[in-house]
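The values are calculated or read from the model by the stated rules, or taken from the named source; none is laboratory data. Fair warning: this is a prediction, and the values are worked out from it, not measured in the lab. Please note: Cβ atoms are built from the backbone with ideal geometry, for glycine as well, and neighbour counts cover all protein chains shown.
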Amino acid sequence: MPQVNIGVLISGSGTNLQSLIDNIEKGNIKGTIKVVISNRRDAYGLERAKKHGIDAVYIRQKDFESFEDFNKAIIDVLKAHEVELVVLAGYLKILTPQFIEEYKNRIINIHPSLIPAFCGKGYYGIRVHEEVINYGVKISGATVHFVDEGADTGPIIIQEAVEVAEEDTAESLQAKVLKIEHKILPLAVKYYCEGRLQIEGRRVLIKE
């Protein structure tokens, strides 16, 4: 099976990006990251990409007349790199319907909660874990899902849970969940690259 060309979108430090790079370099994923794109110039994930010889591209929204044009510029870069799978690894912008249609069932996102809990518009970063702590739930975790037109509403690929301890803070819970993210995001990408993911309605079946 040929290698799948991957494009990764980031907005921050890129630890999930690093987990993908590490797994690819170990031979665990039959894919190649062709380009890393960030909407923030200072995103450390761009440096991570450069260190591994991956094209790193900064695209600033303010340079475009509309949000649609901004998204089209990202699509153009992905197409130029012949990207087949788009991975959102801590990317804090929404995607336009045009973007989602262009890569239908080929966009994967990681979210730091057990969807459908603590997700949707405004739920990202440390706020997710603050809300988990404030609500008093006993279990949280992370979810990898396909991206559709809604916010965190696409079919779920993999979820894994962690216990929320009585002494946990938002920061300590975030650290716990991040470890899970670094495990299940590469696993979902591995399954995709091996052609093992099958979408049936809202369900994602993982074939042997």
Seminar exercise, completed: Those residues of segment 82-103 which are buried (at least 17 other Cβ atoms within 10 Å of the Cβ) and either of a type in the set (D, E) or touching an Asp or Glu at 6+ places or on another chain (Cβ under 8 Å) (or both) amount to E84, T96, I100, E102
Seminar exercise, completed: Filter segment 104-118 for residues that are surrounded by fewer than 20 Cβ atoms within 10 Å (Cβ to Cβ) and touching a residue at least 24 places away in the same chain (Cβ under 8 Å); the one that is nearest to the chain's Cα centre (by Cα) is N105
For this session: Can you tell me which residue among I110, I100 is closer than 22 Å to Y44 by Cβ, outside any loop (DSSP other than H, G, I, E, B) and at pLDDT 95 or above?
Result: I110
For this session: Identify the residue in segment 179-208 that is more than 16 Å from G90 (Cβ to Cβ) and either of a type in the set (G, A, S) or touching a Cys at 6+ places or on another chain (Cβ under 6 Å) (or both) and, among all such residues, is modelled with the highest pLDDT.
Result: G195
Problem set entry | Filtered residue count, segment 92-114, keeping only those that are hydroxyl-bearing (S, T, Y) and farther than 23 Å from K30 by Cβ | 2
For this session: Out of E194, E181, E167, report the one residue that is free of Cβ contacts under 8 Å to residues at least 24 places away in the same chain and over 16 Å from P116 (Cβ atoms).
Result: E167
Problem set entry | Residue check, V147 free of Cβ contacts under 8 Å to residues at least 40 places away in the same chain, surrounded by 16 or more Cβ atoms within 10 Å (Cβ to Cβ) and not assigned by TED's automatic domain parsing to the domain that holds S11 | no
Problem set entry | Selection from segment 142-160 of residues that are under 13 Å from I199 (Cβ atoms) and among the acidic types (D, E) | D148
